[in-house]
Amino acid sequence: MGTDFSSFSGNLGKLYTNSNPGLDLNFGYFFNERYAVKLGFKHSIFGFNAMPVGAVDVSFLKFDSSIQYFLFPSALVNRTRSFDLYLNAGVSWVERKQTHISYNEVLKDNALGMQGGLGVSYFLIPQSLSLNAEGLVGEVFFKDRDSEVFLPAGIPNTSGGFRSASLGLKYYF
């Protein structure tokens, strides 16, 4: 469990601003000393000013599944090292909710995404508790990525990838 800081690149990054720290919750299962699967949930909030409707609040719920490859497996098996690095690759399902405040209207859509990144675990209590930091980059394939609806002048579409950095605690049992 931890906190997540997300941002977008490209035109989507120009549009979505005011990211607040989000919630990051993950569950993992180790297949062996090198491979694990992670199921995760992230929630983040953005906003933008759309013409002519005014302020829009945007929230994202992201459910992801990924494979993790640990570079120093003895840290997980024996917990003898203080840290371990891992690679992360996976897919996600993202629900986007846009609340147009002036119109009191809520638009929802969802999309598939892909992500990859690097993480590190630092063991605070051997065999029990670690501090995790993870960075991801990826792409979410929204259906309206080529639409010009509710966009400020100068932004032709909503294409762009995402970046995410999370920090949290992991309990081993």
Quiz prompt | Hits in the range 158-173 - residues which are in contact with an Asp or Glu (Cβ under 7 Å, 6 or more places away or on another chain), assigned to a strand (DSSP E or B) and crowded, with 19+ Cβ neighbours inside 10 Å | solution = S164, S166
Exercise. Among residues belonging to the range 123-134 that are modelled with pLDDT under 85 and in a strand (DSSP E or B), point out the one that is surrounded by the fewest Cβ atoms within 10 Å (Cβ to Cβ).
Key: I125
Quiz prompt | Test: residue in the range 31-38 that is surrounded by 14 or more Cβ atoms within 10 Å (Cβ to Cβ), in a strand (DSSP E or B) and of a type in the set (G, A, S) | solution = yes
Quiz item: Restricting the first residue to the range 19-44 and requiring it to be within 19 Å of G116 (Cβ to Cβ), which pairs with a second residue that is of a type in the set (K, R) meet a Cβ separation below 6 Å and a spacing of at least six or different chains?
Solution: D24/K42; N26/K38; G28/K38; K42/K62
Self-check item: Among the residues listed as V56, V137, V91, V120, the single one being surrounded by 15 or more Cβ atoms within 10 Å (Cβ to Cβ) and modelled with pLDDT of 85 or more
Solution: V120
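The values are calculated or read from the model by the stated rules, or taken from the named source; none is laboratory data. Because the structure is a prediction, the values reported are computed rather than measured. Positions of Cβ are generated from backbone atoms using ideal geometry, with glycine treated the same way; all protein chains shown enter the neighbour counts.
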